[in-house]
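As structure tokens, the structure follows; a few thoughts come after it.
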Amino acid sequence: MGRVPGYICPVCERDVEQAAGCLDEPIELRGQTYRPLPFQGPEERCPGCNVLRGNVHHLDCERELCPRCKEPLNGCLCRMSEAEAAEVERLRGG
């Protein structure tokens with residue numbers, strides 16, 4: 001996502017440079033509902049989306065972890081169906 005001055009998050013409708021965190025909206029992954037994982041880094045604010053430690057990341061933050069597999073949410077396969085994920089793994093040689 002990269003922080004851009006004046007960027008308004010489409011989920012919480014707040015300026016990411018000023019908001020403490022985003023909305024705690026559930027995430028649907030493989031037919032199950034999960035709560036988003038809050039930012040728990042060593043920094044006070046997330047370097048990706050600027051939320052304060054303990055708050056939910058803004059949409060598309062590269063530092064947000066998947067609540068299902070604990071990998072970066074933007075790159076994990078949990079948002080895909082089982083068949084789509086299997087095809088990606090096949091193409092990756094896995």
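Values in this text are rule-based calculations from the coordinates and carry no lab data. Computed from a predicted structure; not experimentally measured. Counting neighbours? That spans all protein chains shown, and the Cβs are built from the backbone with ideal geometry, glycine included.
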Seminar exercise, completed: Counting only residues that are on the phi < 0 side of the Ramachandran plot and surrounded by fewer than 18 Cβ atoms within 10 Å (Cβ to Cβ), the stretch 9-26 contains a total of 11
Exercise. Which condition does THR33 not pass, out of (1) in a strand (DSSP E or B); (2) in contact with a Phe, Trp or Tyr (Cβ under 9 Å, 6 or more places away or on another chain), if it passes all the others?
Worked result: (2)
Problem set entry | Single unsatisfied condition, GLU28 versus (1) in contact with a Phe, Trp or Tyr (Cβ under 9 Å, 6 or more places away or on another chain); (2) in a loop (DSSP other than H, G, I, E, B); (3) under 19 Å from PRO72 (Cβ atoms) | (2)
Exercise. Hey, any hits in the stretch 66-83 for a residue that's within 18 Å of ILE8 (Cα to Cα), touching a strand residue (DSSP E or B) at 6+ places or on another chain (Cβ under 8 Å) and not polar (S, T, N, Q)?
Worked result: no
Exercise. How many residues are of a type outside the set (D, E, K, R), surrounded by 12 or more Cβ atoms within 10 Å (Cβ to Cβ) and part of a loop (DSSP other than H, G, I, E, B) if we restrict to the stretch 66-94?
Worked result: 9
For this session: Please go through the stretch 45-64 and pick out each residue that is outside any loop (DSSP other than H, G, I, E, B) and touching a residue at least 12 places away in the same chain (Cβ under 8 Å).
Result: LEU52, VAL56
